[in-house]
Amino acid sequence: MCYFEAILKRTSLQRLFILPFAALLLCLAVSVGWLLYQAGQDATDALSQKVLADMMGGINSAINRQLFDAGAALRVVAPDQVADTGDKPPTPIPFPVNVRRLEERMWIASGLFPAVGGFIGFAGTDGHFVGIRRTAANEFRVRLRGAGDGPSHLYRSRGPAAEMTFLESEEYDPRAQNWYLNALSRKKDTWSPVFLEGSSNEPVLMLARPVFGADKDVLGVVARELSLKPLREYLQALSMDRNGVAYIAERNGGLVASSNSENVFIQGPDVGPGGKTEHVRNTLSNAASPFMQQSWQLVQAYLQKHPDVVPITDPVIPSTINPPKPGKLIIGAFPSSHGQIEVAAQLHRDAAGLEWVAVVALPRSDFWGAINSSVYKSLYLGLLVILLALLVGYAILRWALRDIRKLTLAVRSIGSGRPFAKLNIDRKDEIGELAESFQEMERHLRTDRLTSLLNRDSLIAQIEFRRRTDVEPQLFRFAVLFVDLDKFKQVNDHYGHDEGDQVLIEVGLRLQNALRKEDEVARFGGDEFIVYLPGVADEESALAIAEKIYAVLNKPILMTNGDHCQIGASIGGALYPADGLDLETLLKVADKRMYSVKKFGGMTFSSPPPEDAS
């Protein structure tokens with residue numbers, strides 16, 4: 001002790017304070033660095049999961065939209081069977097054996113789903129064939145073939161009642177096509193293999209349904225073509241780093257669509273008739289992109305190890321086209337030769353044999369790089385403050401970590417659809433800039449820039465979040481109102497678009513002031529608005545709110561030049577779950593009722609009259 005005291009006496013006071021604190025600062029610096037690194041990793045995980053989940057949600061919507069349109073068009077021509085109550089067998093809806101009635105249904109299907117290039121056809125067991133393909137907005141190609149073994153004739157037409165112009169004849173027997181043979185063999189709805197459509201040279205596949213007569217004899221097969229071009233265009237329009245990739249593949253690895261330059265078909269080694277190069281299916285094991293191969297191997301290994309992600313399809317009627325049921329969403333980081341890969345994958349399967357896997361793969365470095373700079377700047381700032389005063393530095397360090405945690409929780413809340421709470425971060429350093437960026441991003445993602453109301457996607461996310469987190473899901477009720485301004489076009493035409501924007505802003509304010517505190521209003525687009533009424537379970541309550549909205553929107557609006565304009569509104573409503581079990585269906589119902597009110601008058605919740613009503 002005396003020796004130690006002697007050393008201290010010979011040591012300067014400056015060293016006495018610096019040496020212990022230097023060691024303490026070093027330990028503190030290591031601790032701070034580790035904590036900030038972990039916070040950055042947490043933020044990276046939350047951000048990557050948010051980005052991957054959003055991308056996968058959009059891809060799933062695109063897949064479901066395409067497959068639903070194909071199945072719905074098919075059901076227009078050949079409706080589903082209707083199951084009787086009790087133990088009785090299902091009763092088939094009669095299929096039109098009259099050629100004219102059959103063609104009417106096919107024209108109706110082409111009109112309801114007006115995708116350019118969409119084809120729908122019927123091939124009878126006697127060789128009769130009717131096929132309609134839309135080649136432009138108001139132009140069609142109609143292929144007809146009589147019973148027997150004669151040729152088919154191709155015509156050009158502008159619609160169901162228009163005159164048809166003969167183009168050519170060719171030998172074509174639909175009974176020899178894969179989609180026809182597969183549907184007859186399986187006796188239910190069946191997807192054909194992917195093939196190249198001759199006129200557009202685009203990859204397509206056919207959804208085929210066998211139809212039966214009253215005596216249960218097979219009359220033929222109805223088929224609807226599904227082009228893969230819209231899925232490819234959607235994937236290629238996704239915003240991602242050049243190192244990332246999104247693709248859809250069959251369960252066996254056959255490529256369906258991708259965000260890069262990979263083609264569904266590639267040139268094969270053989271040459272077919274006429275000197276034409278044969279095309280073969282491209283598989284992910286042969287993909288030119290090593291990143292796609294690596295990510296697909298990871299997804300395959302995960303699916304084999306976790307069979308519980310595979311959806312189970314068990315429809316009541318095997319031939320019914322059900323929307324594909326996606327399996328559990330896979331999101332995780334996997335090691336690879338390209339470093340850590342963030343992968344999201346989801347399996348889609350339906351009763352007709354479809355089995356697709358949608359995959360999004362991004363390098364983890366893409367996410368970490370965006371956060372890395374701010375994390376290390378915060379570390380340097382914390383060390384500088386610690387050097388000035390340990391206590392002040394410690395307080396600032398805790399403050400910084402608390403704010404970073406807020407940012408992490410904010411990112412997670414965005415990913416889960418939870419309403420975005422105010423950050424309350426009042427700083428001028430990098431963390432403050434990051435907080436402002438988060439708040440600005442949230443405003444852009446969730447609000448309409450003109451009216452500052454919620455946008456459609458944000459409203460849907462909030463409704464889904466409330467439905468998932470409701471303590472009593474069986475009692476969850478709400479109503480939606482679809483509001484369309486009646487005379488807004490005249491305002492734009494007479495006063496100009498700047499004044500029209502001011503009118504929309506005023507309408508947004510009036511809607512907010514007319515609603516309850518727990519209600520939400522979102523701008524759907526143009527002069528259309530959506531009002532969400534949580535807890536409203538009956539038409540009377542929703543109608544009372546609709547009448548209040550109608551009253552405030554009918555009051556004159558003061559223009560800049562001193563004029564007053566009166567626009568008014570038409571309102572349609574729908575109730576959950578009475579009018580639909582998903583928001584898209586409810587919006588369609590409310591939209592139809594709104595147009596019925598606009599055209600025929602009546603009540604907000606009255607069913608629309610038939611289209612041929614005078």
### Task
Check region 454-600 and count each lysine pair with an alpha-carbon distance under 20 angstrom, considering only pairs eight or more places apart or from different chains.
13
### Query
Where nothing but the Cβ of Lys and Arg (+1) and of Asp and Glu (-1) is charged, how large is the charge dipole of region 454-600 around its Cα centre, in debye to the nearest 20?
180 debye
#### Entry: Inter-centroid distance (Cα atoms) of region 550-607 relative to region 482-509, Å
15 Å
### Task
Provide Val360, Val280 in ascending order of the number of other Cβ atoms located within 10 Å of each residue's Cβ, fewest first.
Val280, Val360
### Message
Test of understanding: ordering His494, His564, His128 by Cβ neighbours within 10 Å, fewest first, what list do you get?
### Response
His564, His494, His128
### Query
How do Phe195, Phe119 rank when sorted from fewest to most other Cβ atoms within 10 Å of their own Cβ?
Phe195, Phe119
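Rule-based calculations on the coordinates, nothing more; no lab input. Computed from a prediction, not measured in an experiment: that's the story for all the values here. Neighbour counts run over all protein chains shown; Cβ positions are idealised from the backbone, glycine included.
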